[in-house]
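> Let me give you the structure first, and then I'll get to my questions.
The values are calculated or read from the model by the stated rules, or taken from the named source; none is laboratory data. Remember, predicted model here, so these are calculated numbers, not experimental data. Here the Cβ positions follow ideal geometry from the backbone for every residue, glycine too, while neighbour counts run over all protein chains shown.
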Amino acid sequence: MYRTLTDHWIALHGLLAMLGLAIYVTSSHTLHLRRHPSAAISWVAALVLFPYATLPLYLMFGIRKVASYRPPAKRYELTQEASGSDSLPVRAQQLAAIMALPAASAYHRLNIHENGTQALHALGEMINTAQYSIDLCTFIFARDGLGDEIARLLKQRAGDGIKIRLLVDGIGAYLGGGADLKGLSAAGVQVALFVPPLRSSLRGRTNLRNHRKMVIADEEELWCGGRNLATEYFEGDTTDHPGRQPWIDLSFDLRGALAQQAQQQFDQDWEFASRGDHSAPLPPLRQDLPHGTAMGQLIASGPDQMDDTLYTLLVSGFFASRKRIIAATPYFVPNPTLLMSLTLAARRGVMVDLLLPKKSNHRLADLARHRALRELASAGARIWFLPHMLHAKVVVIDDEIALAGSANLDERSLFLNYELMVSFYEPADVKRFAGWIERQKGTAVLYSAHPPGLWREIAEGLLLWLAFQL
């Protein structure tokens, strides 16, 4: 009897293991799921040894792409001025075209918010002056003083007859304390949650969060950056958290065709969240632009893109850099290729400056970053620690490209989250972003690397393997 039960258990175990491996191989090849070798080995070993627990976990967390269609690549068409140019912006636009991203588009009236007060004023002005539509996408919509004020403005404008759509991440909606989404809906605001917990989990979406932040008014004005709609992201009213220092963050607003592309991206995200279907990727766009018009490019990255778009552009830009790379990010946990592109740039003599908070709001990320920081420092890069929380996400390469938006320099942002960055190519505006980073460095302290002990080295390796490879 015991032997019969054992034989049945072994047969069932083998069938589940084979089923799990078949699903793993099929999804990896169909959706082009490139993984770090340690992650791939971990999934395969776990599916063979513990298929009962691992297979449901893989279906919920292991599939990081939902895009299954890539439009034919179109060769980037150089303008007459760019013909024969080997500049970083030209290379970036060629690479973006191959990945089917929208073409670089015109913008004007770029306003880089120097602090949270300016950011809040610009956001309130957009909401109050919109003529017919407001579309807002955020990761966190907090139930605090700032979140309640934004909710009040949205309800008021909905009462004025303005069409308002609010898209909040399904997990972020709870992280902010549970905003009054029912009250907003009752006031006429259309509300959608982006993949609420446990919904569509068997399609691998549970671990794929929408981290994009954008507000579009009247399809022609864009407010964007790293700020969630919560008190700590702005230098405004902090009565909900007395004594708390507002975070240092970066956002901006602009007008023009670039805002219209952001509108298209929001429409696609809204359809995905409200219907659960995946729309075809946005077609590449190109406008006939007057000479001298400032140019920027919308860089959407995440599960809805066949390629790891932002990661590819960063690696390419770092390898091609010649003068300097300056970046600000709250979390720095790069994969080996991204780290190598930065360290090689520093060894080539490129000035590499990285600005980080001395202590972020994610303890695990702080512990995991030191191995990469030591390698960067040994290559000649300079790492700067700010005494307060920094939440800004911006990278400037050679004063030719500035990337600003919602993505951190860690593996979750680059490979799992839905993120949105804007690549700016106008030299004067690129220098403005670089100047913003330089001003933040005024209170920063230079990082000094120290050799780790054996147990620290082991702990860092385990942390990187277990916590950042899903």
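> Here is a list of conditions, (1) over 22 Å from residue 215 (Cα atoms); (2) assigned to a helix (DSSP H, G or I); (3) in contact (Cβ under 8 Å) with a residue 12 or more places away in the chain, and residue 399 meets all of them except one; can you say which number that is?
The one condition residue 399 does not meet is (2).
> What strands (runs of 3 or more DSSP E) lie completely within region 212-307 and have 1 or more residues being at pLDDT below 90 and in the same structural domain as residue 123 (by TED's automatic domain parsing)?
Of the strands (runs of 3 or more DSSP E) lying wholly inside region 212-307, none has at least 1 residues that are at pLDDT below 90 and in the same structural domain as residue 123 (by TED's automatic domain parsing).
> Run down 406, 413 and say which single residue is modelled with pLDDT of 95 or more and of a type in the set (S, T, N, Q).
406
> Looking at 383, 326, which one is under 19 Å from the mean Cα position of the chain (by Cα) and aliphatic (A, V, I, L, M)?
Step by step, each of 383, 326 is checked, and only 326 is under 19 Å from the mean Cα position of the chain (by Cα) and aliphatic (A, V, I, L, M).
> Residue 351 fails exactly one of the following numbered conditions: (1) crowded, with 19+ Cβ neighbours inside 10 Å; (2) at pLDDT 95 or above. What is the number of that condition?
With respect to (1) crowded, with 19+ Cβ neighbours inside 10 Å; (2) at pLDDT 95 or above, residue 351 is out only on (1).
> Checking residue 316 against (1) of a type in the set (S, T, N, Q); (2) modelled with pLDDT of 95 or more; (3) more than 18 Å from the chain's Cα centre (by Cα): exactly one of these is not met. Which one?
Failed condition: (3).
Yes/no per residue for (1) hydrophobic (A, V, I, L, M, F, W, C); (2) modelled with pLDDT of 95 or more; (3) over 19 Å from residue 230 (Cα atoms); (4) touching a Leu at 6+ places or on another chain (Cβ under 7 Å):
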residue	(1), (2), (3), (4)
99	yes, no, yes, no
112	yes, yes, yes, no
115	no, no, no, no
119	yes, yes, no, no
137	yes, yes, no, yes
142	yes, no, no, yes
146	yes, no, no, yes
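> Right, another one. Would you check which residues across region 320-362 are of a type in the set (A, V, I, L, M, F, W, C) and over 21 Å from residue 404 (Cβ atoms) and list them?
Across region 320-362, the qualifying residues are 339, 340, 344, 346.
> With a cut-off of at least 2 residues that are free of Cβ contacts under 8 Å to residues at least 60 places away in the same chain and crowded, with 19+ Cβ neighbours inside 10 Å, name the helices (runs of 4 or more DSSP H) lying wholly within region 85-167.
145-159
> A further question follows. Inspect region 174-183 for any residue being under 23 Å from residue 225 (Cβ atoms), of a type in the set (A, V, I, L, M, F, W, C), modelled with pLDDT of 95 or more and assigned by TED's automatic domain parsing to the domain that holds residue 211 and give the result as yes or no.
Within region 174-183, not a single residue is under 23 Å from residue 225 (Cβ atoms), of a type in the set (A, V, I, L, M, F, W, C), modelled with pLDDT of 95 or more and assigned by TED's automatic domain parsing to the domain that holds residue 211.
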